[in-house]
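These notes are about the structure you will find just below.
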Amino acid sequence: MLDLIIRNARLAGQSETVDFGCLDGKIKERRGRLDMPAREEIDAAGYLVSPPFVDSHFHMDSTLTYGTPRYNESGTLYEGISLWGEIKPYLTVEDVERRALLLCRWAVAKGSLAIRSHVDIGDPALTAVHALLEVRKKVSPWLDLQLVAFPQDGYFRDPNAVSLLERALDLGVDVVGGIPHFERTYDDGRRSVEALCRIAADRGLMVDMHCDESDDPNSHHIETLISMTAQLGMQGRVTGSHLTSMHSMDNTLADKLLGLMQENEVNAIACPLINITLQGRKDTYPKRRGLTRVKEMMQRGINYAVAHDCVMDPWYAGGSHDMLEVAHMGLHVGQMTGVHETADMFNAVTVNPARTLQLDGYGLEIGCNADLVVLQAKDPTEAIRLRANRLFVVRRGEVISRTPLLESEVRFMGEDALTRFSVSEFQ
C-alpha cells in the first residue's frame, strides 16, 4: 500500500495528467493512472504539480524586525546595515528562534521547502548562530535549512570576524560567506575572498558571497571569486549573490565576467525585490534598476536563481516569503517576458536554486523525495502571473499544508444569477 497518491497532476509542458504514488518519503510511481491502494489520496484536478520552491538567499536572523529600533528612512543598504548593528546587541536566542520559526511556517504554506539563510557571525556570543542551528533541527521534518556563516561587518573590517567565523563553522554552519565590497579597501575585499575560499576548500564546504552589492561599476570582486574557484577546483560549489554592480558596468567587462562564470560553473543569485529597492538610491533620473544581468546569464547557461533575501527587516519593509512574487518581480525588472524566459524564471525559484544548494533527491522523477506542491494554475507561466494559490504542499509523502481553492462569485451587468469561477480561469 502506498502512503499517498496525487491524482490528475499536470506537469509543465505536458498535456496529459499523471498520478504520483508516494511511499516511505519517496516518489515510488508516476504514470497515467495508478490502480493501487493508498492511505491517503488527493486530487490535483488537472492543476500544475511542481517540485517545491527553494529560496537560495535569505536572512532569517533579522527577519520580522521591521521598525526595531527605528525605520530605514533612507532606504539604503548601508542604513540597513547600521540599523542591524543597533539591533544585534539586544538579540536573544529565544527571540531569533521565535521569529525564524514563524517565517518557516509562512514559507511552508507558500510551498518553499528549502531555504539557504545567511547568519551574521559578528556577535561575540554567536547568538543568531546558536538560535538558527536549533531552528534547523526543529524544522528538519518540514523544511531543509542551510546556513551560511556571514561576516556582515567585513571579514577583515571586523577584528573578531576571523575567529568567530571559524567557531561558527565548528558548530556546524554549512557554507562559508563573505562581503568583500564592505571591507575598508578594495584590496582587503580581494584578500577576504581568497582567504574565505581557502577555508571552504580546506573544510570541503560550499561558498556563497555577498558580492559586488553596489552601484559602483568598478566593483568586480566576482573576478577574484571566479579565479579562486578555478584555482581550488571548486566548480559548482561557489555562488556569487547580488552582483548588482554588473548592472552598471560596461558591456565589455560584464561579458568577460559572465564568460568566466560560465566556464568555471559559478552560480549566481539575484534578489529582485531587494536589489531594485536598495540600489540606485543615489541616482536622480534616470534611475538604475540594480538587478544583475539575469537575462544574459540565462542565455549563457549560467546556473542562476532569484531569491527573497529579506522579509520585514532593516532592509525591506515588505514580503511574505512568496517565491512566486520574487519570480514575478524578476521577470518584469529583467524584461524576461518571452515565453521561454518566463518559464525559465520559474526554474529560477525551483530547480536552479536546488542545484545551487546541492539538494539531494530533489525533483519529480521516480526515486526523488516525495516533496511536491500543487499550484492552482495550468502551467508555470500562469503560476507566476497569478502568484498561484498553493492547494497542497507535500513533504516526504505527507500533506503538510492545504489551502482551499480560490474562487470568485460575480454578478455580471445586473444579471440575477451568480457566476462562480476559479481564479485560474482568467486567460
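The values are calculated or read from the model by the stated rules, or taken from the named source; none is laboratory data. This is a predicted model, so every value here is computed, not measured. Cβ placement follows ideal geometry from the backbone for every residue including glycine, while neighbour counts extend to all protein chains displayed.
Tabulated values for the structure
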quantity: Considering residues of the range 84-115 that are among the β-branched types (Val, Ile, Thr) and more than 21 Å from the chain's Cα centre (by Cα) only, the residue surrounded by the fewest Cβ atoms within 10 Å (Cβ to Cβ); calculated: Thr92
quantity: Matching residues in the range 77-123 - criterion: being under 16 Å from His59 (Cβ atoms), in contact with a helix residue (DSSP H, G or I) (Cβ under 8 Å, 6 or more places away or on another chain) and either of a type in the set (S, T, N, Q) or assigned to a loop (DSSP other than H, G, I, E, B) (or both); calculated: Leu91, Ser112, Ser117, Ile121, Gly122, Asp123
quantity: Number of positions in the range 44-76 that are β-branched (Val, Ile, Thr) and modelled with pLDDT of 95 or more; calculated: 4
quantity: Any hit, the range 281-289, residues being out of contact with any Pro (no Cβ under 6 Å at 6 or more places or on another chain), closer than 28 Å to Lys110 by Cβ and modelled with pLDDT under 95; calculated: yes
quantity: Test: residue in the range 267-276 that is free of Cβ contacts under 8 Å to residues at least 60 places away in the same chain, farther than 17 Å from Ala348 by Cβ and among the aliphatic types (A, V, I, L, M); calculated: no
quantity: Residue within the range 108-122 that is of a type in the set (S, T, N, Q), touching a His at 6+ places or on another chain (Cβ under 8 Å) and touching a residue at least 60 places away in the same chain (Cβ under 8 Å) present; calculated: yes
quantity: Residue in the range 312-320 that is acidic (Asp, Glu) and within 25 Å of Leu64 (Cα to Cα) present; calculated: yes
quantity: Subset of the range 312-332 [touching a strand residue (DSSP E or B) at 6+ places or on another chain (Cβ under 9 Å) and part of a loop (DSSP other than H, G, I, E, B)]; calculated: Trp315, Gly319, His321, Asp322
quantity: Of the criteria (1) under 25 Å from Glu382 (Cα atoms); (2) in contact (Cβ under 8 Å) with a residue 12 or more places away in the chain, which one Leu2 fails; calculated: (1)
quantity: Some residue of the range 38-46 being over 21 Å from the mean Cα position of the chain (by Cα), part of a loop (DSSP other than H, G, I, E, B) and more than 28 Å from Val326 (Cβ to Cβ); calculated: no
quantity: Every residue from the range 55-71 that is part of a loop (DSSP other than H, G, I, E, B) and of a type in the set (D, E, K, R); calculated: Asp61, Arg70
quantity: Answer residue from the range 195-218, given it is among the acidic types (Asp, Glu) and crowded, with 24+ Cβ neighbours inside 10 Å and is nearest to Lys287 (Cα to Cα) among those; calculated: Glu213
quantity: Selection status of Glu296, over 17 Å from the mean Cα position of the chain (by Cα), part of a helix (DSSP H, G or I) and either buried (at least 23 other Cβ atoms within 10 Å of the Cβ) or in contact (Cβ under 8 Å) with a residue 12 or more places away in the chain (or both); calculated: yes
quantity: Answer residue from the range 28-65, given it is of a type outside the set (A, V, I, L, M) and free of Cβ contacts under 8 Å to residues at least 40 places away in the same chain and is nearest to Arg390 (Cα to Cα) among those; calculated: Asp43
quantity: Single unsatisfied condition, Gln279 versus (1) closer than 16 Å to Tyr304 by Cβ; (2) in contact (Cβ under 8 Å) with a residue 60 or more places away in the chain; (3) of a type in the set (S, T, N, Q); calculated: (1)
quantity: Among (1) surrounded by fewer than 20 Cβ atoms within 10 Å (Cβ to Cβ); (2) free of Cβ contacts under 8 Å to residues at least 60 places away in the same chain; (3) closer than 18 Å to Pro314 by Cα - the single one Thr76 does not satisfy; calculated: (2)
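Condition check ((1) buried (at least 20 other Cβ atoms within 10 Å of the Cβ); (2) under 30 Å from Ile400 (Cα atoms)) across all residues:
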site	(1), (2)
His130	no, yes
Trp142	no, yes
Gly177	yes, no
His220	yes, no
Glu223	no, no
Ser227	no, no
